[in-house]
Structure formats: C-alpha cells, structure tokens
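Working notes, beginning with the structure itself.
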Amino acid sequence: MKKIFVLFSVIFSHLLFSQISDKIRDKVEIIDEKYFKIILSDSYPINEYAELSKLYGELSKNVTSDELYYLSLMGNDFIKRNAVFDLLLKKDSRIVKLYKHYSQFPVKYRDKIGHVVTDQDMALSNIRGYIVSRITQYQNFIFFKGKLKNELSDHYSEEEINYYNNLDIKHYQNLISEFDKIDKLFIPDRLEICNEIGKFWKDEKLKMPTP
C-alpha cells in the first residue's frame, strides 16, 4: 500500500512541473527521491531528515510566491508543509484558499519534530496551528510587557521586542476569523472519523490549537 502511495505521489508531483522553473523542478526531484526513500524506510533518520530541510532551504532561496502556491498544492507532503509555511511568512492572501482546500480535502502527514515523529494535519496543524501560536506568543508578550515594564529585556531579546512591538496581530486575527467560517463548513463532517478534533470543537468553533 505504501509503495502504491509513493508511486501515485511521484506521478502527481510531475504534474506541477509546467508551473515551476527548471531550476526549481530539479531541486524538487532531488527532494522527492530522498523524501520517498524516508517514507518507505518508516524510520525518519535524523541525518536524512535534516538533509531534506537543507535541500528545501536551497530551493526556497529562488522560488517565487506563485511557485510556492503550486508546490503547496501539488508537491509531496514535506514540500507542501514547507511551502505553506513560507506563504504564511510572506502573508500571502492565498493562505485562506489553502486552508479551505485542506479543510475540504484533508491531508494527514507525518513530521519529525526533534526526535519524535507525529501525525499532523495540513490545515489544522500547519496553517491554523502556526497562526494560533503567533497570536498566543503575542498575547504573552503584551502580558509580560505590562507586568515587567523595565525588566522586559531580561526575558526577551531586543530583536524579539522589536518584532512583537511591530507585529500586525490584526492580520492573524482576521485569518482566524476566516478560518472559523471555513471550519463550520467542514469540521462537522470530520468529527465522526477524528475524535481528537471533537475535543476542541465547541459552539461551532475550534477553541484551541488542534494537534
């Protein structure tokens, strides 16, 4: 079954090549080969997984936002996750479209965080999870800023202080509002097959980050 999945993924990934430059395509092919090898081994070796991140880092240096968007839809799961993350950093308006797409057509993938391999959801973990973490960290900063005042620099670096002081938190809050509308359309259908989501689905809203 796993071999069939890998074969399908390889064929599917080739469909995007008309949408990306030859230079990006060549890097995608290298990542595909190494990523599918890791999937088949099911061991997620630390060195090989770190090499994937390095390869994607090289790819991301020259990729356009439009190429990222195509990769976020049609790359392998490792590339999708990273392309979505890059679009989040760029505050690309198509993030809402991606969230709707991955809510309607959920993609579950395995990711190695530190030494632990965990199951993730492209919409809930990768997109919503990132934004909720930004909002939570900002709220923590504002709380400590009011409490610590002159001692804030003992807990935050100058770079972090400048980041949070200039953060457009309204942008992230608006995204969550849009996601809430999308969740009402698709989360109810997922409750029967995913008990984990049900723990956080209250009053037709996700009340906290979903793993």
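The values are calculated or read from the model by the stated rules, or taken from the named source; none is laboratory data. The structure displayed is predicted, hence computed values, not measured ones. Glycine gets a Cβ as well: all are built from the backbone with ideal geometry, and neighbour counts include every protein chain shown. When the accessible area is computed, the model is the full protein with side chains, heavy atoms only, and any ligands, DNA or RNA have been set aside. Shrake-Rupley method; radii C 1.70, N 1.55, O 1.52, S 1.80 Å.
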_Students often get this wrong, so check it: of LYS90/LYS184; LYS145/LYS181; LYS170/LYS205; LYS23/LYS108, which have C-alpha atoms separated by over 23 Å?_
LYS90/LYS184; LYS145/LYS181; LYS23/LYS108
*So what is Rg over Rh here for the stretch 42-187, counting just Cα atoms and using Kirkwood for Rh?*
1.01
*Any idea of the accessible area per residue across the stretch 72-177, 1.4 Å probe, to the nearest Å²?*
53
*At 0.36 nm per residue, minus the direct Cα-Cα distance, what do ASP180 and ASN140 gain on full extension? Give it in nm, one decimal, please.*
12.1 nm
*Stretched out fully, how many nm does the piece from GLN104 to LYS149 gain, at 0.36 nm a residue minus the Cα gap?*
11.7 nm
_Can you order the peptides 179-187, 24-32 by their average number of other Cβ atoms within 10 Å per residue, highest first?_
24-32, 179-187
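Which FRET efficiency, nearest 0.05, do TYR44 and VAL96 yield, Cβ-Cβ r, R0 25 Å?
After rounding to 0.05, the efficiency reads 0.20.
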*asked:* From the phi angles alone, apply the Karplus equation (6.51, -1.76, 1.60; θ = phi - 60°) to the stretch 70-87 and give each ³J(HN,Hα) in whole Hz, x where the residue is Gly or Pro.
replied: 5, 5, 5, 9, 10, x, 5, 4, 5, 5, 3, 4, 6, 5, 4, 4, 5, 5
